[in-house]
Amino acid sequence: MSDQLNERLSPTAQESSGILGLGRSGGQRSAEMLAGVRAQLMPVPEYVAMTSAAGRIIGGIITRLARSDQGRLHLAIARPEAFRALVAQALEGKAEAHYVELASGFLPRGWQLASALPQLRVTEIDLPEVIAEKQKRFARAGLAIPPNLRMLSADLGVRSLTEVLQGEQADVFSAEGLLMYLTLESVQRLALGVHQSLRQGGVFIADVLTQESVRALNQSKIRQAASLFRRNAGQWIGVVEDYDHARRLFEGVGYSQVEIHDVSNLAERLTHVPRPVSAGATIVVAHK
């Protein structure tokens, strides 16, 4: 890939070097590492199916490095499970709804929801190499892709969401583990694109990093594991000052109501998630 083309790609899609050999871009390496950690913490078939051999090895290493702080380690599974609960809640009472997952990575959430709710339309969007590999992993594990789940290949740093969806609108969008790798200007641009593709009354569910949570992580017992992750996934450049700053980002592009949730509070209702779960991971639910 030429340098000129690489500059046009979003940060998570740009070719970059990684020390672990888990993919050509930070986005792919991040997806691989998180899949490996999730399979360690909750080895259900769909989480295990989403891993590679190398990802499982690195996931095991990260898990061992972080075992001195179980609360922070458990956020790796509490966050996606909290997302799934929030998405399901937002879809309640919406017959034949449409759910779109941005930067779906090697998460099985779209498959889980499409399998559980046959009337739901699910669209996943991620980089071409991630989507292709994800489809292979489902097939290899014998997990049939439901007919109400489609996977689209696109870099949303290059193509607009409206173009990728061909003008379709949805009731719920989600973006897990994405916004912190974008500039705050790009976060607002993406949030605006989602707002334009949301039906009235729809919601955008996304996680953000606050300055306080980054400081706490850098001073925590698992900072070595976090450093290993960031060296391969990419640096966090979209860090908000605090909850009020997060609200202003979304309200600034037209969202009428913005809820802020700490994953640790959401996890109290998720009895299947390992305990304890530390505070500090923030999920935004922005309503149109």
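The values are calculated or read from the model by the stated rules, or taken from the named source; none is laboratory data. As the structure is a prediction and not an experimental result, all values here were calculated from the model. Cβ placement follows ideal geometry from the backbone for every residue including glycine, while neighbour counts extend to all protein chains displayed. Keep in mind that these areas ignore ligands, DNA and RNA; they rest on the heavy atoms of the full protein, side chains included. Shrake-Rupley method; radii C 1.70, N 1.55, O 1.52, S 1.80 Å.
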Specify which of the listed residues (Leu143, Leu149, Leu127) is touching a helix residue (DSSP H, G or I) at 6+ places or on another chain (Cβ under 9 Å) and either under 13 Å from Ala103 (Cβ atoms) or not hydrophobic (A, V, I, L, M, F, W, C) (or both). Leu127
For segment 87-101, give me each residue that is modelled with pLDDT of 95 or more and either of a type in the set (A, V, I, L, M, F, W, C) or open to solvent by 10 Å² or more (accessible area, probe 1.4 Å) (or both). Val87, Ala88, Gln89, Ala90, Leu91, Ala97, Val100
Among the helices (runs of 4 or more DSSP H) contained in segment 115-232, which hold 1 or more residues that are hydroxyl-bearing (Ser, Thr, Tyr) and touching a residue at least 60 places away in the same chain (Cβ under 8 Å)? 184-197, 211-218
Condition set within 20 Å of Gly110 (Cα to Cα) and hydrophobic (A, V, I, L, M, F, W, C), scope segment 57-86, selection surrounded by the fewest Cβ atoms within 10 Å (Cβ to Cβ): answer is Ala85
Could we say that Phe106 is under 27 Å from Val273 (Cβ atoms), touching a helix residue (DSSP H, G or I) at 6+ places or on another chain (Cβ under 7 Å) and assigned to a helix (DSSP H, G or I) here? no
Of all residues in segment 260-288, which are crowded, with 18+ Cβ neighbours inside 10 Å, among the hydrophobic types (A, V, I, L, M, F, W, C) and closer than 27 Å to Ser220 by Cα? Val263, Leu266, Ala267, Val273, Val277, Ala281, Ile283, Val284
Pick from Leu178, Leu182: which is more than 17 Å from Pro108 (Cα to Cα), crowded, with 17+ Cβ neighbours inside 10 Å, touching a Leu at 6+ places or on another chain (Cβ under 8 Å) and not acidic (Asp, Glu)? Leu182
So Ser104 fits all but one of (1) under 20 Å from Met42 (Cα atoms); (2) touching a strand residue (DSSP E or B) at 6+ places or on another chain (Cβ under 7 Å); (3) open to solvent by 20 Å² or more (accessible area, probe 1.4 Å); what number is the exception? (3)
Could you tell me whether any residue of segment 75-84 is modelled with pLDDT of 95 or more, more than 18 Å from Leu178 (Cα to Cα), assigned to a helix (DSSP H, G or I) and not hydroxyl-bearing (Ser, Thr, Tyr)? no
Please work out which one of (1) in contact with an Asp or Glu (Cβ under 6 Å, 6 or more places away or on another chain); (2) under 15 Å from Ala35 (Cβ atoms) is the condition Gly59 fails and give its number. (1)
Just checking, does segment 250-259 include any residue being over 28 Å from Val277 (Cβ atoms) and open to solvent by less than 30 Å² (accessible area, probe 1.4 Å)? yes
